[in-house]
Every structure is written in C-alpha cells, then in structure tokens.
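Below is one structure, written out as structure tokens, with a few remarks after it.
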Amino acid sequence: MLTAYLDTTQIDGRAVLARPNGYSSVTQTNKISDQTAFIIAVRDNRDRAAFAQLFDHFAPRLKGFMMRSGVGSGQAEEIVQEVMLTVWRKAEQFDPNRAQVSTWIYQIARNRKIDVIRKENRPVPEELAEDPANEPDAGQILAVEQEASQLRQALSRLKPDQREMIERAYMGDLSHQQISAQTGVPLGTIKSRIRLGLERLRHELKELR
Amino acid sequence: MSAITHHTPDSLIAAYASGNLSQPYSVVVAAHISLCLECRASYEAHQTVGGTFLETSETELVSEGLKAGLLDLLDEPFEAQKTYQRSGAYPGPVMEALKGKPPRWKRLGMGTRQSILSSGPDGSVRLLYIPPGQAVPDHSHNGLELTLVLQGSFHDETGRFEVGDIEIADQSLEHTPIAGMGAPCICLAATDTPLRFASLIPRLLQPILRI
C-alpha cells in the first residue's frame, strides 16, 4: 500500500515538501491525502502503481457521474477510460498548490461529458503560464485539503433537499433555467466557504502571474 | 491593462463551472476568466464544489477488464489536443471559436462590423467592431446578453466598460452602447435569442444581418 507522508521543513518561513521521501512511513502530523500523493507520484515519476490506485478510487465515481447524465454503462466506461487517460497524459498540468486532485479530475470529466454527451466543444479558459519553480509546497497542499474538507462538511450540513439540488447541478444535468431558479438559495449557504477559498486562490494566482 | 471592474456574476460562474451554461455564453465566460484572475479564482472555487461531489456521490462498479485495458494504453503514442493561445486582442477561447484564423468581418453600416462565431438554437456569439465614438444600433433583447470588451471601450446607460470588463444585460435593459474615443471597440457578445432592434429599419434588416 502506498502511503505517502510528507516531511515538512521550514525554509525561509515556508513549509516545503521533501519529495524523495514519498513512500516513507515517518510519523508526521502533517499528512497529505493518499490521492494527492498518488497524483504527485504520477506527475513527477510516471508511477503506474500510483495511477492504478487513482483508477481504483476515481473510476467508479466517474462512472456514476457519467451515468447520471443518462448514458449506458458501456459508454460511461469508455468516457471513464478517456478521462483517466487524460489524467495520465496531462498530469504535469496538475498543480497541487492550487487544486485538489478531485477538483482537477472533475474538471476533465465535466469537459469530456459536455464534448461527448452534449456533442459540443466546451470552451475552456486559457491555462495560466506554468511557473517552473513552482514546487509542491506541503503547507499550501495541506491548506488546500483543509479547505476542501471544510467545504465538504459545509455541504453535508445543508438540508437534504438543498444538498440534492446542488449535487444535481454539479453532477447531473439540470437545465440552465432550473439552475437560475434553484441555485440562489443553496449556493448562498456555502458561499462563505467558497469565499475562503477565493482569498487563498487569489493570493496563489497572483503569484503565478 | 486597466483593472477589471465589471466581473462575471457568481451565478454565471457557477453555471459555467458545473457545465450548465450554454455554448455561446460559455465562450464569453471562458474568455473573461482568461483575462480576469478574480473570476478565475471564483471558477476554481466552484470546481472544488464539483470535485467534492465527485468524491462523495454514488459510485458504479466498473467492469473487471477496464483497468487492465487502460494500463495497456498508457504507453500508446498520442497527439496532444490543439490548444489556442491568445492572439492580439483575442483570448484563447475566442481564437478557438475562430479556429485560429482572423475574424471575417461583415459590415453593418456606419463603420460597424460583426463576425459571427456561432449561431444556433442555443443562441449566438459574435465579435462586434465599433469605430470610436460610434453607437451600436439601439437594441433590446429577449434574454440575457453578455458583452466582453476585448479592445477599446464603450459606455452606455449603465456605466463605462474597458478591456476585460463584462456587461450582463437582461431583457429589461434597453441600452445604447457607444464606443469610447481612441482605439476602435471590439467586443465579444453572446445572446440566447436574436437581438430585437428598437427602431424599424434595423428590425427589418435583422433576419438578413442575423444580428
């Protein structure tokens, strides 16, 4: 079992990630999630075992995501395969300082879903220029993970019908009219969470420019 | 570039991030995010919501052979998908809609030109070219109109819009955008229905010009 812990060291006041130690089992309080460790191993070392772990975790979720849009099991699996292949091929674009692996895979899957199921070519924003010096930063990764976990908790505290509505908006296929009519209320509830994320992202994005 | 003061509303970013925005509007929102760090941050935050649901929502068992089949594909050679870079005033998503070529302008009179990027049942998205000081024909519209300034500026009853600014006009707004002095104003505009012109002659021309 791949279990990645991070050694964090303070350099210039910033926590940095000691990467060669990716598979060590040193007891550390600061531990990034397995998923993040796997994608970093795929990105930096083309690690097939780590990729297989990501597949085991995400493939059933991606298949569920696709089938909610009404495609059959066979086509859903084809899309899952394409999405995971994109994860492998574009792994160098993943920036753990900015996003969770689930966020990044969601984005790939959603684009693919629109391209295939709606037969549209989804317009996507320009990628930000990569900063070659942008090494994974353990403190930053943990902050991203902590925010995502707070967001998850905030979502789980919603009333079931509100949660269901937002979930359908992000996972299923509500029409634009339904979204406009429905998202106002529940999105307001989680807005403070998103706003926290915004502050961090703004800071992070400015550094990238 | 001056600071962007007119942003994409959160509801539209949420709709775009969750894949619920129609294609014409998506071109404009993707172009705005390409120019605006604040809206990019908001977009990424909304995608985090999507990622959270991906983590927690219902799963479906995958076939036994799927993983092995995929692992066999990892070393296959592949062609990277073409991505379009910004060119002059046109952000990547606009260059993609233009298929990498310069816009093919059609005259609308009084020096104003348009280049339709796509038009269909979901609405249309076009580039508009308005000479300095010139007014866009007085118009109103049935649904939402998104206008992103790519070059120059314009002002109307609601304010002044410069490069990177996006105007969100609903059907209640009967506005007359006028291009600022200086460089000609180039805008990216999307509507979900054909524009209705307020004066008679443009209205008669509407089906011909497809404006």
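Values for this structure:
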read-out: Unmet criterion (only one of (1) in contact with a helix residue (DSSP H, G or I) (Cβ under 7 Å, 6 or more places away or on another chain); (2) closer than 27 Å to residue B:86 by Cβ) for residue A:111; value: (1)
read-out: Flag for residue A:85 being touching a residue at least 12 places away in the same chain (Cβ under 8 Å) and either within 11 Å of another protein chain (Cβ to nearest Cβ) or out of contact with any strand residue (DSSP E or B) (no Cβ under 7 Å at 6 or more places or on another chain) (or both); value: no
read-out: Sole residue being on the phi < 0 side of the Ramachandran plot and modelled with pLDDT under 95, chosen from B:125, B:163; value: B:125
read-out: Residue B:111 surrounded by 18 or more Cβ atoms within 10 Å (Cβ to Cβ) and touching a residue at least 12 places away in the same chain (Cβ under 8 Å); value: no
read-out: Residue check, residue B:96 modelled with pLDDT of 90 or more and of a type in the set (D, E, K, R); value: yes
read-out: Residue count, segment B:72-97 (criterion: touching a helix residue (DSSP H, G or I) at 6+ places or on another chain (Cβ under 7 Å) and over 30 Å from residue B:28 (Cβ atoms)); value: 3
read-out: Qualifying residue in segment A:111-121 (condition: at pLDDT 80 or above, in a helix (DSSP H, G or I) and at the interface with another protein chain (Cβ under 7 Å from one of its Cβ atoms)); value: yes
read-out: Residue check, residue B:40 among the charged types (D, E, K, R) and more than 28 Å from residue A:66 (Cβ to Cβ); value: no
read-out: Any hit, segment B:15-24, residues being part of a helix (DSSP H, G or I) and touching a residue at least 40 places away in the same chain (Cβ under 8 Å); value: yes
read-out: Given (1) closer than 25 Å to residue B:15 by Cβ; (2) within 11 Å of chain B (Cβ to nearest Cβ), index of the condition residue A:74 fails; value: (1)
read-out: Count of segment B:29-82 residues which are aliphatic (A, V, I, L, M), in contact (Cβ under 8 Å) with a residue 60 or more places away in the chain and more than 7 Å from chain A (Cβ to nearest Cβ); value: 3
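The values are calculated or read from the model by the stated rules, or taken from the named source; none is laboratory data. Quick caveat: nothing in here was measured; it's all calculated off a predicted structure. So basically every Cβ, Gly included, is an ideal-geometry build from the backbone, and we count neighbours across all protein chains shown.
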